[in-house]
Amino acid sequence: MLEIKSARVVVTCPGRNFVTLKIETADGPTGLGDATLNGRELAVASYLSDHVIPCLIGRDAHRIEDIWQYLYRGAYWRRGPVTMSAIAAVDMALWDIKGKAAGLPLYQLLGGASRERVMVYGHANGTTIGDTIDRALEYRDQGYKAIRLQCGVPGLPATYGVSKDKYFYEPADADLPTETVWSTEKYLRVVPELFAAAREKLGWDVHLLHDVHHRLTPIEAARLGKDLEPYRPFWLEDAVPADNQESFRLIRQHTTTPLAVGEVFNSIWDAKTLIQEQLIDYIRATVVHAGGITHLRRIAAFADMHNVRTGCHGATDLSPVTMAAALHFDLSVPNFGIQEYMRHTDETDAVFPHAYRFADGAMHPGEAPGLGVELDEERAARHPYKRAYLPVNRLEDGTMHDW
Ligand code: KDG
Ligand code: MG
């Protein structure tokens, strides 16, 4: 028995908001879990402090599966991003504790390494095709084997995925949602041009990825998939919103471009049809928003039975605690595909010192016991919460559209 003595939530904003759960045991280690839900941070902080932490005190930290079931089944109100991010934070913290208690890095408890390193993809973006290719060449020189390409859309003032900064992208940019404008027609013209230019300049020895960010209809996505086929993309991400999982059947009938989806999924049920019918190639669900390591492993096992590989979300709104958890998971699961890596700022890394490292286009979680991430609470306290929203998106005639 490793008794949970106390738990608390730390909200900090070292350049962007992060919600972290810290669980302390009576005579044993402490554990960290990420509970950050971009633009809705305080809802998860309250869910944890007001409704979850009181139920944790006195429980055995070693009973990870039982505590997961207690919080999921026992709450009656199931699923949803707030609930599942809160459960994820508890789950991560308990795995961290178990690893520290065993004196082993988490991946060893998950069955050990299935590979030597974890291939990651970086984000090359620019307002023009030329800028994007220049960034991609820099990524390639830094050793990246896989690069996501996003460029501005001619005729639109700004586009998701395109940053003002060369290396850091932060879409939660204002204390009320920024309004952006979208044209599918303009977008569908530029992306094939971007990929044609990229293959010409970057050659064929690098994987190229693209994120549609849920903005097309199935038939539009099918068209884009077909247009990109000659350039052999590694994947086309979030081609349509997956609220209706059957939408992917239509895309699948028309294109052999590999499909990835799921960064907003929070449970296996969001992906059931997609996986079972092999309508996708990569599942993007991640540790923090999909119920923690315990639940993500279940999703991965189900995906493995259907030849679907993992491609965890790894944007900057997922804290270094999630990044570490994802890397332990990636290193261990048999059906790993790729890991997204948008590096955090130095300010964030200073609040969350970590053992994971990047070299030659790949990452490794390191050998520190547990997750291998610390929280510098003194530094964290110097960065108070600052309200920040993701943008919203409208068509040129003012109609609300998916951001
Ligand atoms: O919080 C939203 C971001 O994580 C998201 O916009 C980033 O789509 C994204 C990606 O693929 O990293
Ligand atoms: Mg995405």
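Details
- Scanning region 210-220 for residues that are more than 16 Å from ligand 1 (Cβ to nearest atom) and farther than 25 Å from Met400 by Cβ turns up nothing.
- Inside region 225-260, residues that are at negative phi and either in contact with a Ser or Thr (Cβ under 9 Å, 6 or more places away or on another chain) or assigned to a helix (DSSP H, G or I) (or both) make up a count of 23.
- For region 182-211, a tally of residues being within 25 Å of Gly143 (Cβ to Cβ) and among the basic types (Lys, Arg) returns 2.
- Filter result (of a type in the set (A, V, I, L, M, F, W, C) and open to solvent by 50 Å² or more (accessible area, probe 1.4 Å)) within region 391-402: Leu395, Met400
- Here the condition is being within 20 Å of His354 (Cβ to Cβ), open to solvent by 60 Å² or more (accessible area, probe 1.4 Å) and more than 16 Å from ligand 1 (Cβ to nearest atom); of Leu110, Leu104, Leu94, it holds for Leu104 alone.
- Residue satisfying all of: in region 266-282; closer than 24 Å to Thr322 by Cβ and either surrounded by fewer than 24 Cβ atoms within 10 Å (Cβ to Cβ) or over 19 Å from the mean Cα position of the chain (by Cα) (or both); nearest to ligand 1 (Cβ to nearest atom) among these: Tyr282
- Which numbered condition Tyr121 fails, given (1) within 30 Å of Glu185 (Cβ to Cβ); (2) out of contact with any Gly (no Cβ under 9 Å at 6 or more places or on another chain); (3) buried (at least 23 other Cβ atoms within 10 Å of the Cβ): (2)
- Residues within region 283-312 that are surrounded by fewer than 24 Cβ atoms within 10 Å (Cβ to Cβ) and within 16 Å of ligand 2 (Cβ to nearest atom), tallied: 0
- Among the residues making up region 158-198, those that are open to solvent by 60 Å² or more (accessible area, probe 1.4 Å) and within 27 Å of Lys226 (Cα to Cα) are Glu185, Arg189, Glu193.
- For the residues Pro233, Pro241, the requirement of being within 16 Å of ligand 2 (Cβ to nearest atom), within 19 Å of Gly126 (Cα to Cα) and in contact (Cβ under 8 Å) with a residue 12 or more places away in the chain singles out Pro233.
- In region 209-224, the residues that are in a helix (DSSP H, G or I) and within 16 Å of ligand 2 (Cβ to nearest atom): Ala221, Leu224
- Of the candidates Ala197, Ala172, the single residue that is within 16 Å of ligand 2 (Cβ to nearest atom), farther than 30 Å from Asn335 by Cβ and not hydroxyl-bearing (Ser, Thr, Tyr) is Ala172.
- Sole residue being buried (at least 18 other Cβ atoms within 10 Å of the Cβ) and away from ligand 1 (no atom under 15 Å from the Cβ), chosen from Gly225, Gly203: Gly225
- Some residue of region 244-265 being more than 16 Å from ligand 1 (Cβ to nearest atom), touching a His at 6+ places or on another chain (Cβ under 9 Å) and either open to solvent by 10 Å² or more (accessible area, probe 1.4 Å) or not assigned by TED's automatic domain parsing to the domain that holds Gln339 (or both): no
The values are calculated or read from the model by the stated rules, or taken from the named source; none is laboratory data. In this text the structure is predicted, and so the values were computed from the model without any measurement. Counting neighbours? That spans all protein chains shown, and the Cβs are built from the backbone with ideal geometry, glycine included. Quick note on the areas: whole protein, heavy atoms, side chains included, nothing else; ligands and nucleic acids left out. Shrake-Rupley method; radii C 1.70, N 1.55, O 1.52, S 1.80 Å.
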